[in-house]
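Take a look at the structure below.
The values are calculated or read from the model by the stated rules, or taken from the named source; none is laboratory data. This structure is a prediction, so every number in the text was calculated from the model and none was measured. Glycine also receives a Cβ, built like all others from the backbone with ideal geometry; neighbour counts cover every protein chain displayed.
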Amino acid sequence: MNTIQRTSNEAVEHATGRGYEAWFDLLDAWGAAERKHGEIAAWLMDEHGVDGWWAQTVTVEFERARGLREPGGGRDGLFSASASKTVAVPVERLFGAFVDPALRARWLPGAELRERTSQPGRTARFDWEDGATRLVVGFTAKGEAKSQVALEHERLPDADAAEKARAYWREHLVALKEMLEE
């Protein structure tokens, strides 16, 4: 089994009634290695009554253990990086700092983002630079004058690119916070 597990075997067994190896044996017998991620998770939920979050956890760990997915990567071979920051401003102001190009240029100079879709104060999706990767951004109000942004940079080519993106976003979210809390 893959030695990089995000959730312990004990937690999985407590929540689902089986540990990883028991689930993996069952998934192997079903032929899960030849099936798509969503199909595996749906089977765990529908046929075995596993809660959605736990079905995803077992599926990802199965895919890792069988060499179908690298840590941090998807079955498509692409990677993603995430970062988040809580800021002492209303969620509408935080959202605006992403979708307003002039505001965004103040904390993210030189970056090219093309908005794909957005729900004001909730989510925004962008094509990043040449469009080969994407940025998915979620916003959560934590009160009238406090909010959180959580982003995921998707479709990165490898683990090194994901680590660089993670560092990039952490640095720039600090700059965003400093700009908004001036």
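Worth a mention:
- From Leu151, Leu94, Leu135, residue being closer than 30 Å to Gly38 by Cα, of a type in the set (A, V, I, L, M, F, W, C) and touching a Gly at 6+ places or on another chain (Cβ under 9 Å): Leu151
- Test: residue in the stretch 10-29 that is touching a His at 6+ places or on another chain (Cβ under 6 Å) and surrounded by 18 or more Cβ atoms within 10 Å (Cβ to Cβ): no
- Counting only residues that are among the charged types (D, E, K, R) and under 15 Å from Pro90 (Cα atoms), the stretch 102-155 holds 4 of them.
- Qualifying residues in the stretch 163-179 (those that are touching a residue at least 12 places away in the same chain (Cβ under 8 Å) and small (Gly, Ala, Ser)) - the one nearest to Ser147 (Cα to Cα): Ala175
- Complete set of residues in the stretch 79-110 that are without any contact (Cβ under 8 Å) to a residue 24 or more places away in the chain and in a loop (DSSP other than H, G, I, E, B): Asp100, Pro109, Gly110
- Qualifying residue in the stretch 21-29 (condition: in a loop (DSSP other than H, G, I, E, B) and free of Cβ contacts under 8 Å to residues at least 60 places away in the same chain): no
- Of all residues in the stretch 52-73, those that are within 16 Å of Ala22 (Cα to Cα) have Cβ atoms under 6 Å from Cβ atoms of residues that are part of a helix (DSSP H, G or I) and polar (S, T, N, Q), 6 or more apart or on another chain, in Trp54/Thr16.
- Restricted to the stretch 104-160, and to residues there that are at positive phi and touching an Asp or Glu at 6+ places or on another chain (Cβ under 7 Å), the residue that is surrounded by the fewest Cβ atoms within 10 Å (Cβ to Cβ) is Glu129.
- Residue check for Asp76: at pLDDT 90 or above and either surrounded by fewer than 20 Cβ atoms within 10 Å (Cβ to Cβ) or over 14 Å from the mean Cα position of the chain (by Cα) (or both): no
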